[in-house]
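Heads up, the thing below is written out as structure tokens.
The values are calculated or read from the model by the stated rules, or taken from the named source; none is laboratory data. As the structure is a computational prediction, the values presented were derived from the model and not from experiment. Here the Cβ is made from the backbone with ideal geometry for all residues, glycine too, and neighbour counts use every protein chain on show. For accessibility, only protein heavy atoms count, side chains too; no ligands or nucleic acids. Shrake-Rupley method; radii C 1.70, N 1.55, O 1.52, S 1.80 Å.
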Amino acid sequence: MRANKTENETLSKAIDNMQEGLDNMIELYNELEEDMPLINFDKEVLEDLEKAKHIYGEEYVSQKLNTIVKEVLTWLDLDEHEEEEEE
């Protein structure tokens, strides 16, 4: 295959850009952390959550769930266990 000076420079820049992109992808891959769910919901709950998000919108459902989870967490004596761990 033959190439003139302009084609050679264009191909060289393209290869450099591809290499830079590959290096960036490798760096991102190496920095990945495993995504661990906060709560393991049952299949039925996940299906209902998807339905609720579709009907009411993700922001509304998230707001409602946050309110409920905050309330449930007040039932647990988290401060007492925190003090025990410090001792």
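Expressed as an acute angle from 0 to 90° and rounded to the nearest 10, what is the orientation of the C-alpha long axis of helix 5-30 relative to the principal long axis of the chain?
Roughly 20 degrees between the two axes.
How large is the accessible surface per residue of the chain, computed with a 1.4 Å probe and reported in Å² as a whole number?
104
Using only Cα atoms and rounding to the nearest 10 degrees, what angle (0 to 90) does helix 43-56 make with the longest principal axis of the chain?
Long axis of 43-56 versus the principal axis of the chain: about 80 degrees.
What part of the accessible area of the chain, given as a whole %, is carbon or sulfur when the probe is 1.4 angstrom?
Its accessible area is 53 percent carbon and sulfur atoms.
Compute the acute angle (0 to 90°) between the alpha-carbon long axis of helix 58-74 and the principal axis of greatest extent of the alpha-carbon atoms of the chain; round to the nearest 10°.
40
At a Cα cut-off below 20 Å, give the lysines reachable from LYS51, other chains included and same-chain residues fewer than 8 away excluded.
Qualifying lysines at Cα under 20 Å: LYS43, LYS64.
How much net charge surrounds GLY57 when only other residues with a Cβ under 14 Å from its Cβ are counted (Lys, Arg +1; Asp, Glu -1)?
Net of charged neighbours comes to 0.
Convex hull over the alpha-carbon atoms of the stretch 12-87: what's its volume per residue in Å³?
Roughly 201 Å³ of hull volume per residue.
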